[in-house]
Amino acid sequence: MITNLSVQIAPKHHSGLLLANPVMTASGTFGYGTENSHLFDIQQLGAIVCKGTTLEPRGGNPQPRLAETAGGVLNSIGLQNIGVNALIKEKAPVWAGWRVPVIVNIAGETIDDYALLASRLDGVAGISAIEVNISCPNVKAGGAEFGANPESAAGVTAAVKAATSLPILVKLTPNTSDIAKVAMAVDEAGADAISLINTLKGMAIDMAKHRPLLGSVTGGLSGPAIKPAALYMVYEVAGAVAVPVIGCGGITTASDAIEFILAGASAIQIGTASFTNPRAPLDVLDGIKQFMEKEGVEDIAKLIGTARH
Ligand SMILES: Cc1cc2nc3c(=O)[nH]c(=O)nc-3n(C[C@H](O)[C@H](O)[C@H](O)COP(=O)(O)O)c2cc1C
């Protein structure tokens, strides 16, 4: 049986963003793609999302920055990255020779940072889209996450949209009281697709030292522990917006990925699972294909959102 796994994740955009399949890597867990290219054929993936990129290079937060939890990982990497200039100079030329599309994840402290980043990336060969990480503290608004409320989330989205002709994915934070409202605001402000979720805020304490375990006190929780929460939010958001939704959060196996697709995700991202199994994205892709063959489903479009009816 020939199965069609291709998905269009930016149907509103003038040139669209057609992926060969719905399996993407999640930002911050797969570097720039180049690091893992010797482990498996990364060109088989639907898309690669690179590490969060800022205007200037960043060294990140104080150590320790990673802690294992039951079924998950806490991280407080703090957006350690090479900065947008080095990305354009060193990484984009490599990506330009790849079949797999690369999406650049961006992060800022002000709306102007995001707009400037988006305009710098516009027209750069090797970059297929921008993913806007709105889980960052808005320094002009007392440090609340941009994605915590619909107004500031829409403000970032509109500014990025105006600054680039690339398709834009806006990545939502789960650290908000009504994620569907944020999603609707971002959709209206011009997002081509919405990805979710970023990490859930969490912490761990070193019992012996009577101190928070992470160097920056709090961190972001990811991995299997957050899957039910992520799945619920994807279900909510897919029911609230018209643009494609990309599911992320604790996806470790093909079954996890299929649950997100049935909940309404047009594509999925694999994050923490790559730390224990670097081939996880490819294994998930193979498992999705096998499921479709077993169920006699010829087109992945026939699976998207079917748990909703
Ligand atoms: C070590 C680490 C670094 C991350 N860095 C970023 C980042 O730079 N930008 C971003 O949008 N998300 C970042 N994330 C969040 C992931 O992309 C993903 O949204 C989250 O981990 C949930 O998916 P998972 O449970 O499959 O890991 C990071 C996650 C981890 C674990």
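The values are calculated or read from the model by the stated rules, or taken from the named source; none is laboratory data. Because the structure is a prediction, the values reported are computed rather than measured. Note that we place each Cβ from the backbone using ideal geometry, even for glycine, and neighbour counts take in every protein chain shown. The area values use the complete protein model at the heavy-atom level, side chains included, leaving out ligands, DNA and RNA. Shrake-Rupley method; radii C 1.70, N 1.55, O 1.52, S 1.80 Å.
Considering each residue of the stretch 232-250, count those that are open to solvent by 20 Å² or more (accessible area, probe 1.4 Å) and under 24 Å from A67 (Cβ atoms), and give that number.
Within the stretch 232-250, residues that are open to solvent by 20 Å² or more (accessible area, probe 1.4 Å) and under 24 Å from A67 (Cβ atoms) number 1.
Please find, among I9, I48, I2, the residue that is open to solvent by 10 Å² or more (accessible area, probe 1.4 Å) and of a type outside the set (D, E, K, R).
Unique residue meeting the criteria: I2.
Taking S222 as the residue in question, decide whether it is out of contact with any Lys or Arg (no Cβ under 9 Å at 6 or more places or on another chain) and over 27 Å from P11 (Cα atoms).
Judged against the criteria, S222 is a match.
Yes or no, residue by residue, for (1) over 18 Å from L196 (Cβ atoms); (2) aromatic (F, W, Y); (3) open to solvent by 20 Å² or more (accessible area, probe 1.4 Å); (4) touching a Gly at 6+ places or on another chain (Cβ under 7 Å):
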position	(1), (2), (3), (4)
I82	yes, no, yes, no
V102	yes, no, no, yes
V124	yes, no, yes, no
A141	yes, no, yes, no
F146	no, yes, no, no
N149	no, no, yes, no
S152	no, no, yes, no
S177	no, no, yes, no
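Given (1) touching a strand residue (DSSP E or B) at 6+ places or on another chain (Cβ under 6 Å); (2) surrounded by 22 or more Cβ atoms within 10 Å (Cβ to Cβ), identify the lone condition not met by Y114.
For Y114, the exception is condition (1).
Outside any loop (DSSP other than H, G, I, E, B) and away from the ligand (no atom under 12 Å from the Cβ): is that true of V182 in this structure?
So V182 passes the test.
Would you point out which residue out of T164, T173 is open to solvent by less than 10 Å² (accessible area, probe 1.4 Å), hydroxyl-bearing (S, T, Y) and in contact (Cβ under 8 Å) with a residue 12 or more places away in the chain?
T173
Taking the stretch 77-110, which residues are among the polar types (S, T, N, Q) and more than 27 Å from T253 (Cβ to Cβ)?
Within the stretch 77-110, Q80, N81, N85, T110 qualify.
May I ask you to list the residues in the stretch 223-250 that are under 17 Å from the mean Cα position of the chain (by Cα), over 21 Å from L18 (Cα atoms) and away from the ligand (no atom under 15 Å from the Cβ)?
Y235
Filter the stretch 68-80 down to the residues that are surrounded by 17 or more Cβ atoms within 10 Å (Cβ to Cβ) and out of contact with any Ser or Thr (no Cβ under 9 Å at 6 or more places or on another chain) and list them by number.
If the condition is that a residue be surrounded by 17 or more Cβ atoms within 10 Å (Cβ to Cβ) and out of contact with any Ser or Thr (no Cβ under 9 Å at 6 or more places or on another chain), then I77 is the only one that fits.
Can we say D192 is modelled with pLDDT of 95 or more, open to solvent by 10 Å² or more (accessible area, probe 1.4 Å) and of a type in the set (D, E, K, R)?
no
Give I205, I179, I246 a once-over and let me know the one that is in contact (Cβ under 8 Å) with a residue 60 or more places away in the chain and of a type in the set (V, I, T).
One residue alone meets the criteria, I246.
I'd like the residue in the stretch 251-280 that is over 17 Å from M292 (Cβ atoms) and surrounded by fewer than 19 Cβ atoms within 10 Å (Cβ to Cβ) and, out of all such residues, is nearest to the ligand (Cβ to nearest atom).
Filtering the stretch 251-280 for residues that are over 17 Å from M292 (Cβ atoms) and surrounded by fewer than 19 Cβ atoms within 10 Å (Cβ to Cβ), the one nearest to the ligand (Cβ to nearest atom) comes out as F275.
Just to be sure before I move on: is K201 touching a helix residue (DSSP H, G or I) at 6+ places or on another chain (Cβ under 8 Å), open to solvent by 50 Å² or more (accessible area, probe 1.4 Å) and closer than 25 Å to I106 by Cβ in the structure I sent?
Taking the combined requirement at face value, the residue does not satisfy it.
Which residues, counting only those in the stretch 283-303, are open to solvent by 10 Å² or more (accessible area, probe 1.4 Å) and in contact (Cβ under 8 Å) with a residue 60 or more places away in the chain?
K289, E293, G296, V297, E298, D299, A301
Please count how many residues of the stretch 24-45 are part of a loop (DSSP other than H, G, I, E, B), open to solvent by 40 Å² or more (accessible area, probe 1.4 Å) and without any contact (Cβ under 8 Å) to a residue 40 or more places away in the chain.
Result for the stretch 24-45: 2.
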